1. For region 152-181, give me each residue that is within 17 Å of Asn95 (Cβ to Cβ) and crowded, with 19+ Cβ neighbours inside 10 Å.
2. Considering only residues of region 115-126 that are surrounded by fewer than 24 Cβ atoms within 10 Å (Cβ to Cβ) and not hydroxyl-bearing (Ser, Thr, Tyr), which is farthest from the chain's Cα centre (by Cα)?
3. Which one of Arg102, Arg129 is crowded, with 20+ Cβ neighbours inside 10 Å and either over 23 Å from Ala50 (Cβ atoms) or among the charged types (D, E, K, R) (or both)?
4. Please work out which one of (1) hydrophobic (A, V, I, L, M, F, W, C); (2) part of a strand (DSSP E or B); (3) closer than 22 Å to Leu148 by Cβ; (4) without any contact (Cβ under 8 Å) to a residue 40 or more places away in the chain is the condition Leu96 fails and give its number.
5. Does Ala172 meet the test of being within 15 Å of the chain's Cα centre (by Cα), under 30 Å from Lys2 (Cβ atoms) and not β-branched (Val, Ile, Thr)?
6. Which one of the conditions (1) touching a residue at least 40 places away in the same chain (Cβ under 8 Å); (2) loosely packed, with under 15 Cβ neighbours inside 10 Å does Gly54 fail to meet, given that it meets all the rest?
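Where a number appears in this text, it was derived from the coordinates with a stated rule and is not lab data. Because the structure is predicted, anything quoted here is derived from the model rather than measured. Virtual Cβ from ideal backbone geometry, glycine too; neighbours counted across all protein chains shown.
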Amino acid sequence: MKRLIVGLGNPGEEYAGTRHNAGFMLVDRLAERLGTAVDQYRSEALTGEASHRGASVVLAKPTTYVNRSGDAVRRLLRGEGRKPRDALVAVDDLNLDIGQIRLRPGGGSGGHNGLGSIAQALGTEDYPRLRIGIGSGYARGEQVEYVLAPFSARQQPAVENALERACEAALAFVEDGIEEAMNRFN
């Protein structure tokens, strides 16, 4: 079985470490754990390949910016000959507190433009996703500034814990699929 793990984020140094790049942070952490690099450009994404307990894994970070991630995900799935259910999309989530993660087998975008772009490009909302909580500590009208800002030093321990749990959840998805991963990590 080959699985695809896609982390959403914005490319470029100016976005590194920002809340909106939680998906990129997860993919980078997985790459380190699996002993690979995410540095091969294909299908509008930086990719890397690895294996985990006999399963092939493609790690990907779309270079299209979060709001236009759909085309990259569609092209990656086609290129790998995989179905949407074989991909886990990791994304930041304003509706979860910092430090929380949540796996889902599908569903709506929850207002996240990246998830909406993917659903539109795939023609379905039925693809697994791993939401990484970034909290909602922003003043009215300042959502964009909030998601494009880095986590505070006070938030870092919770972020580190969430990313570690998200790594374990993503690897459980690779090994056993979304339902088993949900049972273990939700």
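1. In the first step, residues of region 152-181 are kept if they are within 17 Å of Asn95 (Cβ to Cβ); the result is 155, 158-159, 162, 166.
Listed by number, the residues that qualify are Val159, Ala162, Ala166.
2. Gly123
3. Values: Arg102 fails: crowded, with 20+ Cβ neighbours inside 10 Å.
The match here is Arg129.
4. With respect to (1) hydrophobic (A, V, I, L, M, F, W, C); (2) part of a strand (DSSP E or B); (3) closer than 22 Å to Leu148 by Cβ; (4) without any contact (Cβ under 8 Å) to a residue 40 or more places away in the chain, Leu96 is out only on (2).
5. Working: within 15 Å of the chain's Cα centre (by Cα): yes; under 30 Å from Lys2 (Cβ atoms): yes; not β-branched (Val, Ile, Thr): yes.
Here the answer is yes, as Ala172 does meet what is asked.
6. In the conditions (1) touching a residue at least 40 places away in the same chain (Cβ under 8 Å); (2) loosely packed, with under 15 Cβ neighbours inside 10 Å, Gly54 misses (1) alone.
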